[in-house]
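Only the coordinates and a few stated rules stand behind these numbers; no lab work does. Please read all numbers here as calculations on a predicted model, not as lab measurements. Quick reminder, even Gly has a Cβ in these numbers, built from the backbone with ideal geometry, and neighbours come from all protein chains shown.
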C-alpha cells in the first residue's frame, strides 16, 4: 500500500510539474521572446492608418473596386476567411478548375482593358494553397496599374513608383520571387489619391 501511494505521489507531482512548465512557463517564455525580438509579427502585423487598423500585412483581403489593386483569388471560405484557410483542392486535370481559370482570365482581361491574346499572370487567376496570400507578382501589379491610375486620377508613373516602393525582395535574397504586398500597396494608393494625408 505504501509503495502504491509513493507511485501515485510521484505521478501527480510529475503531472503538476509538467502542467506548470508546458502550460505556463514555456508559453510565457515564448511570448516574452516574441515580444522582445519581433513584436510586430507576434502581434499580427497590423497596418494602422490614421488610428484605425485596416488589416494585417500577413493575410490577404478582398479589394474589388477599379481604384484598387486586386489580390489573388481566394478559396478560403467565402474568400480570405482565416478560419477556413485552404486551397480549392481542384487538381490540374479538374474540368471545374479549367473552367474557373478561363472565367478568371476573361474577367481579368476585361477589368484591365487587355486584348484577348494578352498573357495573364498565374497568380491573377489561381488561388494560393492557403487562400490567404497577401501578395501579388510584380507582373500582376504592373498590368493593373493603368486601371488603378485612371480610376484614381493619378499618372501611371506615380502608380509604378508606389508599386516599386511596396515591392518585397526574395526571402534571404534567394528564395521566391519579388512580390508586392496588396494591403501596403492599396494603402499607399489611398494615401496618394488623398494627397498624401
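Structural remarks
- Relative compactness, the chain, computed as alpha-carbon Rg over 2.2 N^0.38 Å: 1.45
- Cα→Cβ-extended label distance, 7 Å offset, between residue 89 and residue 63, nm: 3.1 nm
- The sum of -39500 (n - 2.57) across all DSSP H runs of n ≥ 4, divided by the residue count of the chain, sets its helix-only mean residue ellipticity at 222 nm to -14500 deg cm²/dmol.
- For region 1-43, the fraction of alpha-carbon pairs in successive 10 Å shells from zero, as %: 27, 27, 20, 15, 9, 2
- Translational D in µm²/s for region 67-164 (Stokes-Einstein at 20 °C, 1.002 mPa s, Kirkwood Rh from C-alpha pairs): 149 µm²/s
- Residues 13, 126 arranged by fewest to most Cβ contacts within 10 Å: 13, 126
- Nearest-0.05 FRET efficiency for residue 107 and residue 5, computed from C-beta distance (R0 45 Å): 0.05
- Tensor-based shape of region 91-130 (alpha-carbon gyration tensor, a/c under 1.5 rounded, otherwise prolate or oblate): prolate
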